[in-house]
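Undergrad: Okay, handing you the structure first.
The values are calculated or read from the model by the stated rules, or taken from the named source; none is laboratory data. If you're wondering where the values come from, they're calculated on a predicted model, not measured in any experiment. All accessible areas refer to the heavy atoms of the entire protein, side chains included, with ligands and DNA or RNA removed. Shrake-Rupley method; radii C 1.70, N 1.55, O 1.52, S 1.80 Å.
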Amino acid sequence: KNTSEPSNDDHTPKIKSWNPFLSSNTSSTPLEMDETAYKMHHALTPEWPSLSIDILPDRHLGDNRTRFPHTVTMVVGSQADKKGLNKLTVLRMSDLCRIPGSGREKTEKELDDEMLGEEWKHEDDEDDDEDSSSEEEEEEELDPVLEHYSFPHPSGGINRVRVCPHNRDIVGCWGDGGTVSLYDVGGALDVLDRSSTGANSRKKNESNSANAAMVGAPPPRKMKKEPFFVYSGHATEGYAIDWSRVTPGRLATADCRGNIHIWNAAHPVLPNDIAAQYKKKTKDPWSSSSFA
């Protein structure tokens, strides 16, 4: 965020960073986003406020992607004004393009030019300019696409959401009613994975690998709107929840009275068996440990 102040030398505004700890920065100070600080910026307005989001890893687009347009899938928990209106929403945003004119990062030669002045030139500057301009011309100007599916959370607002690292279909929700709910969002993800709305799904060089992964795949799973497991052992609500990254299915939750509950698997559990074991709701495969 930047604030603009008139300069003493001329009437052009002086750009400076906004610091909330300075007495000169009052609440009435206008704030403007400096687009030069971002390669990409998109904003959306949800139906209800949210205290927590988490990213869902995708299956077919690959890791460490850097080429635009981007696609991201996430889960969002709502804080509605009425208890029965709350929900867990799976969002997929695609065709997320870079800010027009943001271009690429400055090279080491360009930084040298800024320090040495305009008279300093490299012999291969023209070639670099041509390469960068052709790369930017290849990117399409696209409108972002938003797809979403919601799962009701009738027990109240959602304080925190966490995606299971061993099985992205499982999402844990800490509710303000003092309950922890586990959802299976696999059906929604199946539908989103088969969607061809985004440009990444339409591109020939990327769709070939994606379609190959879909060959022989089963039809989309049925959407299970209700949580497959609800834990009400806490005395009050909480805001801390996380899955173990070492042991599949191990879940830890903490409430506002300082109690930590850990669900441990009594036997080795495969990632695909996590939901099935929780559905049994017995102490055979799972045991609850409480720490005050």
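Undergrad: Length gain on complete extension for the stretch Thr66 to Arg194, per 0.36 nm per residue less the alpha carbon to alpha carbon distance? If you can, show how the numbers build up before the last one.
TA: On the way: separation 128, 0.36 × 128 = 46.08 nm, distance 2.23 nm.
Fully extending the segment from Thr66 to Arg194 adds 43.9 nm.
Undergrad: Right, next: Starting from 0.36 nm per residue, how many nanometres of slack lie between Asn19 and Glu32 once their C-alpha separation is accounted for?
TA: Numbers: separation 13, 0.36 × 13 = 4.68 nm, distance 1.32 nm.
Length difference between fully extended and current span is 3.4 nm.
Undergrad: Here is a follow-up. Taking a probe of 1.4 angstrom, what is the accessible area of Glu32 in Å², to the nearest 10?
TA: The accessible area of Glu32 comes to roughly 110 Å².
Undergrad: On a 1.4 Å probe surface of the protein chains, which of Ser150, Ser78 comes out largest in accessible area, and what is the full order?
TA: Values: Ser150 35, Ser78 10 Å².
Highest to lowest solvent-accessible surface, that is Ser150, Ser78.
Undergrad: Same structure again: Just the accessible area per residue of the range 47-100, please: how many Å² with a 1.4 Å probe?
TA: Details: 2800 Å² over 54 residues.
On a per-residue basis, the range 47-100 sits at 52 Å².
Undergrad: Extension gain Asp242-Ala43, at 0.36 nm per residue separation less the Cα-Cα distance, in nm? Let's see the in-between values first.
TA: On the way: separation 199, 0.36 × 199 = 71.64 nm, distance 2.70 nm.
The Asp242-Ala43 span can extend by a further 68.9 nm.
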